[in-house]
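Please read the structure below before turning to the comments.
Computed from the coordinates by the stated procedures, all read-outs in this text should not be read as laboratory data. If you're wondering where the values come from, they're calculated on a predicted model, not measured in any experiment. For neighbour counting, all protein chains shown are included, and Cβ atoms are generated from backbone atoms with ideal geometry for every residue, glycine included.
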Amino acid sequence: MYAALPLPLCAKGLSVAHISFHATPGTLPALNFPISIFYFLSLSLSLSLFFYLPHMIPYIRDQYNREFTQERYQVFLNDLHSQFDHVPGFRIAETPVFIPSSLKNKIFDACYQISDVITRADFRQLSEPSLTDQYRVPNEDAHTTFLQMDFGLCEGVHGEITPKLIEVQGFPSLYFYQHFVAGLYRKHFNIPTEVSHLFNGFTPESYVELLKNIIVGNEDPAEVVLIDIEPFKQNTQIDFHATRRVLGMHVACVTDLYKKGNK
């Protein structure tokens, strides 16, 4: 199986890669998380390294580059912007990066090694001293519902591509937007059917259904709210628009909340 991730087109194949693995309850050991490789766009300015990409499924890369035009890319962008009447504050990559199964397996192995630590029975006890009282919240779950691992793709000692961990975060980020934009790449560019941004047998429909079951559950979506600090000033607010469209839930700023009685 191959993965497709966006990457800016650069001269002579010189590129920066920064990819994210997103997990929701079901694939990682003991957490059952369905890990997916998602389109992580060039909004990332972080710790990725420059390197050549000679092994990134050359026949797909060559075909994509031959067929790419600035006009086609602009139509893709216009479609994206019109979907939500919003222009993202970050640059959107002209192309996916096509990752072979050998590299995918390296990254998955890294994910499993990290998750083995996080899911240890004594992990909460070991990490307890790192939190001061001001960061403790009531009714905390035993472990995070969402888990996201960000990797930079680096050049190894022998010129091979090696994943290096950037960060692990326990909250979702761009889950709906990146899934949505994956469909737009397929709509506007010739993406082979043998590459996918989803893994573990997930389809676009089953992926959305999984997130809906986790986030909304049996509740009325009108009673479920996505809360952030000034969400519509966030650089990645397009994900809020996509989440609201797919799940039918509200998006609100934390300052919009008020208490009325016991509600």
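Before moving on, here are some points about what is shown:
- Converting phi to 3J(HN,Hα) with the Karplus coefficients 6.51, -1.76 and 1.60 and the offset θ = phi - 60°, the stretch 79-95 yields 5, 4, 4, 6, 4, 10, 6, 8, 9, x, x, 10, 6, 9, 5, 6, 8 Hz in sequence order, with x at every glycine or proline.
- Karplus-derived HN-Hα couplings along the stretch 148-162 (A = 6.51, B = -1.76, C = 1.60, θ = phi - 60°), whole Hz, x at Gly and Pro: 10, 10, 9, 10, x, 9, 10, 7, x, 4, 9, x, 6, 8, 10
- Distant-in-sequence amide contacts of F199, defined by a placed amide H-H separation under 5 Å and a gap of 5 or more residues or a different chain, comprise I37.
- Above-threshold pairs, the threshold being 27 Å between Cα atoms, out of K233/K259; K187/K212; K106/K212; K212/K263: K106/K212
- Extended-chain gain in nm, criterion 0.36 nm per residue less alpha-carbon gap, N78 and A252: 60.0 nm
- Inter-part distance where the stretch 156-202 and the stretch 207-229 are each reduced to a Cα centre, Å: 23
- Magnitude of the charge dipole for the stretch 92-131, about its Cα centre and with charges confined to Cβ atoms of Lys, Arg (+1) and Asp, Glu (-1), is about 80 debye.
- Prolate/oblate/rounded label for the stretch 137-263 (Cα gyration tensor, a/c 1.5): prolate
- Charged side chains reduced to their Cβ positions (Lys and Arg at +1, Asp and Glu at -1) give the stretch 98-190 a dipole of some 480 debye around its Cα centre.
- Cα gyration tensor shape of the stretch 193-232, rounded if a/c is under 1.5, else prolate or oblate by comparing a/b with b/c: oblate
- From phi via Karplus (6.51, -1.76, 1.60), per-residue ³J(HN,Hα) for the stretch 231-247 in Hz, x at Gly/Pro: x, 8, 10, 6, 4, 9, 4, 4, 5, 5, 4, 5, 5, 4, 5, 6, 9
- Shape class for the stretch 155-223, computed from the alpha carbon gyration tensor (a ≥ b ≥ c): oblate, with a/c not under 1.5 and a/b at or below b/c.
- Remark on F68: its backbone amide H falls under 5 Å from none of the residues 5 or more positions apart or on other chains, H modelled at 1.01 Å from N.
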